[in-house]
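K.L.:
Attaching a single structure in structure tokens format; questions to follow.
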Amino acid sequence: MAYSIYSPTSIIIWKTLAVSASLLIVIVLLSFSNQPNSLGTDFFHVTTHQSSLPPDTTNVSHLVFGLLGSVKTWHYRKPYIESWWRPNITRGYLYLDRNPTDDLLPWSGDYPPFRISDDNTRLLKETKHVSALMVRMVHAVIEVFREEKEGVRWYIMADDDTIFFVDNLADELSKYDHTKYIYIGCHSECVMSNQIFSYDMGFGGAGLIMSYPLAKMVQKNIEDCFKRYPYLNSADLILMTCVNDFGVSMTVHQGLHQHVST
Ligand SMILES: *[C@@H]1O[C@H](CO)[C@@H](O)[C@H](O)[C@H]1NC(C)=O
Ligand SMILES: *[C@@H]1O[C@H](CO)[C@@H](O)[C@H](O)[C@H]1NC(C)=O
């Protein structure tokens, strides 16, 4: 039950006052709207300013998505991305394992622009990493950072079947300081997996989110991480281990959910 310090009667009085005040504002606005240089302009300015968010609040334009897909699965996965991607508004790329086949071309403007993942042959040889696929996935951090830096606050790495509620995501991220080293993820729906990784691992199914400074550090050092941990056979785990090595631990966000259908 909601608790209020006001009695019901005073609530009614306050509500009435609030309603009258808003009516008054509307009337004042209307009466001054034809006189651009009068008090009306200032008044309008002040009211709009007060009711909107601070100008520096994180919004969709500060987020960049690195989405991992493959030519083989794109046909089945694209409805997921189509459901939330906003052409020319959301920023980011879909990373494919190879050139799209003819049936996928011309590439629709409704999808994120695609990129072909870097050729990691040399890196795999040097690091002796066990999984080319996992290296490709984590390497996307380097690739997305290379392309999108301007005004970016958060990098969001996800699979091509992750669904985002973009505005909610921006609202939630606006509560964190994007100038700090922050790594946001969620726990797995599988308790066992969480225990194995000491509840300190973000599971990739729901996206892994890095603040700009963290992503910058990760992309600079990730090749060394592949070298240090050539046996790690999961992209989430490679990223987590690498991030932990920098002394940054995961910030768990309860709004991210991973679901596995088996
Ligand atoms: C997002 O915020 C920036 C300021 O950081 C602003 O210039 C831009 O207009 C905002 N975009 C949207 C869509 O609100
Ligand atoms: C996105 O921008 C491009 C280039 O500015 C334009 O050609 C295209 O029509 C735009 N797409 C949408 C869906 O607005």
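K.L.:
Can you give me the distance in nm between label points at Ala132 and Asp177, each placed 7 Å from the Cα along the Cα-to-Cβ direction?
P.N.:
In this crude spin-label approximation the distance works out to 4.4 nm.
K.L.:
Output the peptides 109-115, 160-166, 175-181 sorted from most to least packed, where packing is the average of other Cβ atoms within 10 Å over each peptide's residues. Kindly include the intermediate steps, with their values, before the conclusion.
P.N.:
Numbers: 109-115: 15.1, 160-166: 17.6, 175-181: 13.0.
Output ranking for 109-115, 160-166, 175-181: 160-166, 109-115, 175-181.
K.L.:
Next up: Filter the cross-link list Lys128/Lys227; Lys149/Lys216; Lys78/Lys216 down to pairs whose alpha-carbon distance in this structure exceeds 18 Å. Working shown, then result.
P.N.:
On the way: Lys128/Lys227 7 Å; Lys149/Lys216 9 Å; Lys78/Lys216 29 Å.
From Lys128/Lys227; Lys149/Lys216; Lys78/Lys216, over 18 Å: Lys78/Lys216.
K.L.:
Is the shape of region 47-151 rounded, prolate or oblate, going by the alpha carbon gyration tensor and its root eigenvalues a ≥ b ≥ c, with a/c under 1.5 for rounded and a/b larger than b/c for prolate? Could you put the intermediate results ahead of the total?
P.N.:
On the way: a/c = 3.13, a/b = 1.61, b/c = 1.94.
Judged from the Cα gyration tensor, region 47-151 comes out oblate (a/c at least 1.5, b/c at or above a/b).
K.L.:
Counting only protein heavy atoms and a 1.4 Å probe, tell me what percentage of region 60-252's accessible area is made up of carbon and sulfur. All intermediate terms of the calculation are to be shown ahead of the outcome.
P.N.:
Values: 4770 of 9090 Å².
Accessible surface attributable to carbon and sulfur in region 60-252 totals 52 percent.
K.L.:
Straight-line reach from Lys125: which aspartates and glutamates have a Cα under 16 Å away, not including same-chain ones fewer than 8 places off?
P.N.:
Answer for Lys125, where 16 Å is the Cα cut-off: Glu223, Asp224, listed by chain and number.
K.L.:
Keeping all protein chains in place, calculate the accessible area per residue for region 60-252 (probe 1.4 angstrom), answer in Å².
P.N.:
Details: 9090 Å² over 193 residues.
So region 60-252 comes to 47 Å² accessible per residue, rounded to a whole number.
The values are calculated or read from the model by the stated rules, or taken from the named source; none is laboratory data. What you see is a predicted model, and the numbers here were worked out from it, not measured in a lab. When we count neighbours, we look across all protein chains shown, and the Cβ atoms used for this are built from the backbone with ideal geometry, even at glycine. Keep in mind that these areas ignore ligands, DNA and RNA; they rest on the heavy atoms of the full protein, side chains included. Shrake-Rupley method; radii C 1.70, N 1.55, O 1.52, S 1.80 Å.
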